[in-house]
1. Looking at the range 122-142 only, could you name the residues that are surrounded by 12 or more Cβ atoms within 10 Å (Cβ to Cβ) and in a helix (DSSP H, G or I)?
2. Select from the range 78-94 the residues that are closer than 16 Å to Ile21 by Cβ and not acidic (Asp, Glu) and list them in ascending order.
3. Do you know which residues across the range 37-64 are open to solvent by less than 100 Å² (accessible area, probe 1.4 Å), more than 18 Å from Ser87 (Cα to Cα) and out of contact with any Lys or Arg (no Cβ under 9 Å at 6 or more places or on another chain)?
4. Got a sec? Which of Leu152, Leu68, Leu106, Leu156 is open to solvent by 60 Å² or more (accessible area, probe 1.4 Å) and either at pLDDT 95 or above or under 20 Å from the mean Cα position of the chain (by Cα) (or both)?
5. Considering only residues of the range 71-103 that are closer than 21 Å to Ile163 by Cα and of a type in the set (S, T, N, Q), which is surrounded by the most Cβ atoms within 10 Å (Cβ to Cβ)?
6. Condition first: open to solvent by less than 50 Å² (accessible area, probe 1.4 Å) and free of Cβ contacts under 8 Å to residues at least 60 places away in the same chain. Now tell me which residues in the range 13-36 satisfy that.
7. Taking strands (runs of 3 or more DSSP E) that fall entirely within the range 37-105, which contain at least 1 residues that are touching a Ser or Thr at 6+ places or on another chain (Cβ under 9 Å) and touching a residue at least 40 places away in the same chain (Cβ under 8 Å)?
8. For Lys116, work out the one condition from (1) among the charged types (D, E, K, R); (2) touching a residue at least 12 places away in the same chain (Cβ under 8 Å); (3) under 30 Å from Lys35 (Cα atoms); (4) assigned to a helix (DSSP H, G or I) it doesn't fulfil.
Amino acid sequence: PPAPGQAEESSANIEVAGPKIIREGGVTFETPDLKQTRVLLDSLVQRYEAYLANDDQYMFDDRIEQRLVIRVPADNFDDLVHELEGSVERFDSRTISARDVTEEFLDVSLRIQKKKETEQRYRDILTKAKTVRDILEVERYIGRIRTEIESLEGRLKYLENRISFS
């Protein structure tokens, strides 16, 4: 048995294939022809199965700034960045970061599993409840657990999305 205040190890191991990495990057460059550059960017988005998440444009006295957020499948990230860098006339900077979320991914997955096990125990108790009061109390606990499970599953889906699209 676990020590007081510690959770018991799960009987089912959660396996994660490889590290879970969230990659992000930024590229800045100047172009003399905004329309032509936009056509280039749109073609890269299509070719690399990406999508445009944000598109902001700022007008200044001496220039126009366009800031785009492109979400690209993680496997296509490096190729898109390299092709973009080689396709612009004046390249200024590139920043790329990687954040390992493997531990959080495993933690959330394990917490979901544990909550589902608890939910099932409450459902088993519910089948044995004799009074309306007992039924309502157990259903209240099931509702709380179900809310926690849905919240954790939402976090896991968010992580999966951030991992699969850089």
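1. Tyr122, Arg123, Ile125, Leu126, Asp134, Ile135, Glu137, Val138, Glu139, Tyr141, Ile142
2. Of everything in the range 78-94, just one residue is closer than 16 Å to Ile21 by Cβ and not acidic (Asp, Glu), namely Val81.
3. Phe60, Ile64
4. After ruling out the rest, the residue left standing is Leu106.
5. Asn76
6. Within the range 13-36, Gly18 is the sole residue that qualifies.
7. Those strands (runs of 3 or more DSSP E) span 64-71, 90-100.
8. Failed condition: (3).
The values are calculated or read from the model by the stated rules, or taken from the named source; none is laboratory data. None of these values were measured; they are calculated from a predicted model. Note: ideal-geometry Cβ built from the backbone for every residue, glycine included; neighbour counts use all protein chains shown. What goes into the accessible areas is simple: the full protein's heavy atoms, side chains included, and nothing from ligands, DNA or RNA. Shrake-Rupley method; radii C 1.70, N 1.55, O 1.52, S 1.80 Å.
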